[in-house]
Amino acid sequence: MKQILKQVSFYIIGSLVVTLVLSVFYVYSPARFSTFDNNLRDFYFSTRGELPKSNNVVIIDIDERALNSFGQWPWGRDLVANLVSNLNKAEVGIIGFDIIFAEKDKTSPSNVLKLFPLDTKGMDIPNFDEIFAQTLKQVPAILGYQFSLQDNNHMRLKTPNIPAIFIEKNKPSNNTMLVKAHGTILNIPLLQDSGYSSGFVNNIPDISGVTRSVPLLIQFKEQIFPSLSLEIIRNILGAHNVIVNYDQNGIVNIQLDQLTIPTDMHGRLLINYRGYEKHFQYISAYDILNNNFDKKQLEGKIALIGTSAAGLFDLRATPFESIFPGVEIHANAIDNMLIEDFIAIPSWAHGANIVHIFILSFLIILIIGLSPFYIYIPAIVSIIIADSALLYWGLFTYGTVLNLFFPILSIVLGIIVAIGIKYFFQTKQTQHIKSKFSSKVSKDVMNELLKNEGSNILKTAKKEVTVFFSDIRGFTTISEQISDSSKLVQYLNNYINPMSQIITKHHGTIDKYIGDSIMAYWNAPLDLENHCEKAVDSAIEQILYLKTINTQLQENQLPSLNIGIGIHTGVCTVGEVGSIQRNDYTIMGDTVNTASRLESLCKEYKVNIIISQSIKEQLHKSYNLRYLDNASIRGKKEKVNIYEVIVD
């Protein structure tokens, strides 16, 4: 448990580091990161597909057909006046122009005749601009104009007259956060003053060239001006006041009476695009001019006059398509406001994005750190799918725009950090296991231990263990015969080395060497089938190999060896024991004491191997056993049946 808590604390720290690093990039992120995020959101739009067709907005399209029939643009203003007049007769609700009439009509007869030295006094010469102006005065028309967002020396500084009051609430001092203009491109005064109102038609693409939002307000000469789409909505609602609400981060929303329009901090509307090009109803200007249309298609509708003709260069890129008529972007913005189907970045989005980064990185790091490979792969995939679905649901159900790119970064970075932390702990655990068992077990057992290092195999537990004790008989006398200490150590090592190899060969674990005694055990730390038999087999092989050792000793004129072995099985406490400075993996309990006493009884009964009744009961193979006694074991009240294992 302590080890797990330690690892979890590392994982929490790793998650915090990931969150801190990504938060810095998130707050001060270069524009490229926002491009990745926008591209991912574009994929969400493509996945969602088109929404049901809107019947609120109709686009009067100056398309290729109309241009081929009535000539290249710009048309004569008398023709445009006829277009508007026919729309008015169809009882459209309001007309919006995504067109700017910035110059006088050069085709107007009044202007053409000025080129010739003719006396036109008293003649009724048509002025197409005046005709168009008179038509505008009779219809609910919102003209378009454009702001110049670049600072240059040839800008016009006139401002349009907007019949509305703009109120900024809670505005930070000297900081409106609005897009700021440097000049205007207005309609000629005659037309500008004839329309009911006007709105700018600027569409500002992001750094990737895609128009994902439109400014609803722009500041110019310390005044605020509405976009074409916002001004159309304001006139439909009959709102006189436009309230701009701020918080400490910037603009929060724009209010038109009861309509609240959420925006980003700069007053831009994130467009919830309804679908692909021509999702809205298009009617060719050719058909309007020729009265070849159904009046019901226009009655009470918002008619936007614009163009889809490639030659007029009003085509934009959107999340759905790379070529999209600019007039339909206005249509989408208007439709969003009419039906109040918005997407927006809420004021709490930045905090939510950072929390989101932490949660994802923590889950990923924790899953990888504490789970085996076959679990964390599907778990991570499930988290990615669930998180993507949640973000998709939030975007299109509640209109909540959260960052999509940084969660992916947090998952990737979380995986890297988790693998690093896990490698650190695995390396440390591997070194720990090797330090505990490298000289105690066989290579095969060591490999198995390393395979299971993540399973808390070294934790303290109660477990059935077979315990082995061996001791050299008369070693005190032998040590007196071999007075040279270095020779005595060599003599002892020549015995201990092969005996230890036999123990590890039979998957035993050597616990310790106590002078000339060897303590070993089976079934710990790894579970081992038939551990009693393996211990007995090891004892038999040692007695047999002792003959080989004694032959070598006799050849070197050294004392022969005789040993006694005691084996018992029972429940022990297994785990690491010791101080902070030094500890070891060992076994403790009555079973250990009993095995040690059985080894001592070998002297009394003059035998080499004694096993207990509990060992005999677990032997499935056939051994040559001889019942010795129902012996008293020091420290135990009950007597124990003991048996000799006879080695042929």
- Message: Condition first: more than 52 Å from the chain's Cα centre (by Cα) and modelled with pLDDT under 95. Can you find one or more residues in the stretch 92-103 that meet it?
- Response: yes
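Filter the stretch 189-211 down to residues that are surrounded by fewer than 18 Cβ atoms within 10 Å (Cβ to Cβ) and more than 45 Å from the chain's Cα centre (by Cα) and give me whichever is nearest to E231 (Cα to Cα). Even if it seems obvious, please write down each step before you answer.
If we filter the stretch 189-211 for residues that are surrounded by fewer than 18 Cβ atoms within 10 Å (Cβ to Cβ), which is where we start, we get 189-190, 193, 196, 204-209.
Next, from what is left, pick out any that are more than 45 Å from the chain's Cα centre (by Cα): 189-190, 193, 196.
Values: P189: 19, L190: 20, D193: 16, Y196: 10 Å.
Looking at the filtered set, the residue picked out is Y196.
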- Item | Check on I254, open to solvent by less than 30 Å² (accessible area, probe 1.4 Å), assigned to a strand (DSSP E or B) and either on the phi > 0 side of the Ramachandran plot or without any contact (Cβ under 8 Å) to a residue 40 or more places away in the chain (or both) | yes
- Look through A349, A303 and report the one residue that is closer than 23 Å to L79 by Cα, open to solvent by less than 30 Å² (accessible area, probe 1.4 Å), of a type in the set (G, A, S) and in contact (Cβ under 8 Å) with a residue 24 or more places away in the chain. A303
- Does the stretch 486-504 include one or more residues that are surrounded by fewer than 20 Cβ atoms within 10 Å (Cβ to Cβ), within 54 Å of the chain's Cα centre (by Cα) and not hydrophobic (A, V, I, L, M, F, W, C)? yes
- Say whether the condition of being under 20 Å from N403 (Cβ atoms), assigned to a loop (DSSP other than H, G, I, E, B) and of a type in the set (S, T, Y) is met by at least one residue in the stretch 274-288. no
- Message: Taking the conditions exactly as written (touching a residue at least 24 places away in the same chain (Cβ under 8 Å) and surrounded by fewer than 16 Cβ atoms within 10 Å (Cβ to Cβ)), does I384 satisfy them or not?
- Response: yes
- Starting from the stretch 41-60, take each residue that is free of Cβ contacts under 8 Å to residues at least 60 places away in the same chain and list its partners that are charged (D, E, K, R) and assigned to a loop (DSSP other than H, G, I, E, B), counting only C-beta distances under 9 angstrom and pairs at least six apart or across chains. P52/R274
- Query: Mind checking which residues of the stretch 502-531 are over 19 Å from E576 (Cβ atoms), polar (S, T, N, Q) and at pLDDT below 90?
  - Reply: T504
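Can you tell me which residue among D314, D287, D247, D264 is free of Cβ contacts under 8 Å to residues at least 60 places away in the same chain, among the acidic types (D, E) and over 18 Å from S198 (Cα atoms)?
Details: D314 fails: free of Cβ contacts under 8 Å to residues at least 60 places away in the same chain; D247 fails: free of Cβ contacts under 8 Å to residues at least 60 places away in the same chain; D264 fails: free of Cβ contacts under 8 Å to residues at least 60 places away in the same chain.
Exactly one residue qualifies, and that residue is D287.
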- Scope the stretch 132-173; condition farther than 23 Å from N245 by Cα and of a type in the set (D, E, K, R); matching residues: K137, D151, R156, K158
- Using the structure shown, decide if G183 is within 30 Å of V401 (Cβ to Cβ) and modelled with pLDDT under 95. no
- Name the strands (runs of 3 or more DSSP E) wholly inside the stretch 169-224 in which the number of residues that are touching a residue at least 12 places away in the same chain (Cβ under 8 Å) and either under 18 Å from I95 (Cα atoms) or of a type in the set (D, E, K, R) (or both) is 2 or more. 197-200
- Item | Residue under evaluation V242, criteria (1) over 18 Å from I334 (Cα atoms); (2) part of a strand (DSSP E or B); (3) open to solvent by less than 30 Å² (accessible area, probe 1.4 Å), criterion not met | (1)
- Item | Identity of the residue in the stretch 387-411, over 20 Å from I364 (Cβ atoms) and of a type in the set (A, V, I, L, M, F, W, C), that ends up surrounded by the fewest Cβ atoms within 10 Å (Cβ to Cβ) | W393
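Return yes or no: is V327 open to solvent by 50 Å² or more (accessible area, probe 1.4 Å) and out of contact with any Cys (no Cβ under 9 Å at 6 or more places or on another chain)? Even if it seems obvious, please write down each step before you answer.
On the way: open to solvent by 50 Å² or more (accessible area, probe 1.4 Å): no; out of contact with any Cys (no Cβ under 9 Å at 6 or more places or on another chain): yes.
When the stated conditions are applied, V327 does not pass them.
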- Query: What tally of residues in the stretch 512-528 results from selecting those that are at positive phi and aromatic (F, W, Y)?
  - Reply: 0
- Message: What pairs come out if I take residues in the stretch 635-647 that are surrounded by fewer than 17 Cβ atoms within 10 Å (Cβ to Cβ) and pair them with residues that are among the hydrophobic types (A, V, I, L, M, F, W, C) whose C-beta lies under 9 Å away, six or more apart or interchain?
- Response: K639/A631; K639/I633; N641/L628; N641/A631; I646/V607; I646/I609; I646/L625
- Task: Select from the stretch 357-381 the residues that are under 22 Å from S34 (Cβ atoms) and open to solvent by less than 30 Å² (accessible area, probe 1.4 Å) and list them in ascending order.
- Result: I357, L360, S361
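The values are calculated or read from the model by the stated rules, or taken from the named source; none is laboratory data. Given the structure is predicted, the values throughout are model-derived calculations rather than measurements. We place every Cβ from the backbone using ideal geometry, glycine too, and count neighbours over all the protein chains shown. When the accessible area is computed, the model is the full protein with side chains, heavy atoms only, and any ligands, DNA or RNA have been set aside. Shrake-Rupley method; radii C 1.70, N 1.55, O 1.52, S 1.80 Å.
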